[in-house]
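These notes concern the structure reproduced below.
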Amino acid sequence: MIPSLPLPPLPCPPSWFPGHMNRFTKQLPALLSRTDIVLELRDSRLPLTSINHNFEGAISKWRAERGKQSSLLRPPSHETPGPSGHGGFTCERIVVLNKRDLVPEWGMEPFRRAIAARFPEQIIHFAACNRREDIKSLSKLLVSIAKRNPHATETNVLVVGMPNVGKSTLLNSLRSFGISGPTPKALQTSAQPGHTRALSNRLKLSQDPLVYSYDTPGVMLPFLGRGDEGAERGVKLALIAGIKEGLYDVQALVAYLLYRMNILDPVCPAYLKVLPPGTSPTSDTDAFLEQLARRLGMLVRGGECDTERASKWFVEWWRKEGGLISAAAPRPSPSSTPSDGVSARRGWGFDLEWSMASHEAVPPPHTESFVEQKMGECIDEYLERTADYERLGGTISETQLKKRTWEEKLAQRAARSKAKAIARRR
């Protein structure tokens, strides 16, 4: 076990916000006006980082127009009931934490309870497209919501989320389950982000009742943030291939990946599977890559290790196999807690990380209630940090700030010119 796990130095996040993302963001309010269910996909490994705060304003307005209230940064203490059933409007928000097979099973229910306690207006659903029971339960949920308003001719679902969280794949799976008989693959999918660039045609998910859906482009944040906050957010999204390939130094991704694997399972992290037998856990990126390159025979002239090639191989291995191995990490237990009272870092996925010590108060660190408590603290800290960050303008880049200031000046100049023109006509 590694005695301490310092966060490795991380590069500044790149800006990746193509034009099709900007167009869809502007279209979102109009699309919501004819939407009954918002199906928001997030990555189970990044249940907080894969929240797109740019959607929140439009979704809150949509809910308010239909008689409901919500706020991401200030969870409601109560829900204002809106019209439903006969002659009313359907208005539901389902948050699907996709790729559940890539996170440990022991943390799913504690996280669901922790997030539901803070956002009671959101329906939380874990899913993996290769698990038929997950698709079946989600399909039944959509159908049950549609049946609440028997006088509605159809129910429309809008699927939103960041790039590469699995929106198109999930819709293909829902269509195959909800429509009887053989159904062709309706939407093209890709392992690379940005494949879907425009709103799809309507896709039928259920015949009785009629449920239709739209697939939408994955939308990245225009600006990932400043300092360590933005740097870590960018690396996380790059690791799940949510950011265009090539915008990040791959060795920086490896350093962060080692850090996270060591937190998830400090005794037997998943990367030991690709190193020589008997290797101990490490946080030294250079030493790790040299060992890996020699193990794989990735050498250049003179017998030097090709660490660049080994880095690319390791990230791809994690995306295809290593993530599944990491998902088998055991629940934090007393045996993995330092006996000398020194705190150790443990976590679930890439977003939730907490301290554990041998003197932790009841409940003990291996129970669900303890995990739920720690996850709740992580969520509260994230929400508070995000609110402060937005209040201080940390989500807006210098370029965006200058552009906004210039647009305000142009608007003021136009208003003055209009006022002068009116005064002259009088």
Problem set entry | List His125, His151, ordered by accessible area with a 1.4 Å probe, largest first | His151, His125
Problem set entry | Given Lys26/Lys312; Lys99/Lys312; Lys61/Lys320; Lys99/Lys204; Lys68/Lys167, the pairs whose alpha carbons are separated by over 32 Å | Lys26/Lys312; Lys61/Lys320
For this session: Beta carbons within 10 angstrom, averaged per residue: use that to sort the peptides 247-259, 154-166, highest first.
Result: 154-166, 247-259
Exercise. How would you order 45-52, 321-328 from highest to lowest mean count of nearby Cβ atoms within 10 Å?
Worked result: 45-52, 321-328
Problem set entry | Local net charge near Lys236, Cβ-Cβ under 10 Å (Lys/Arg +1, Asp/Glu -1) | 0
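The values are calculated or read from the model by the stated rules, or taken from the named source; none is laboratory data. Note that this is a predicted model, so its numbers are computed, not measured. A quick note on method: Cβ atoms are made from the backbone with ideal geometry, for glycine too, and the neighbour counts reach across all protein chains shown. Keep in mind that these areas ignore ligands, DNA and RNA; they rest on the heavy atoms of the full protein, side chains included. Shrake-Rupley method; radii C 1.70, N 1.55, O 1.52, S 1.80 Å.
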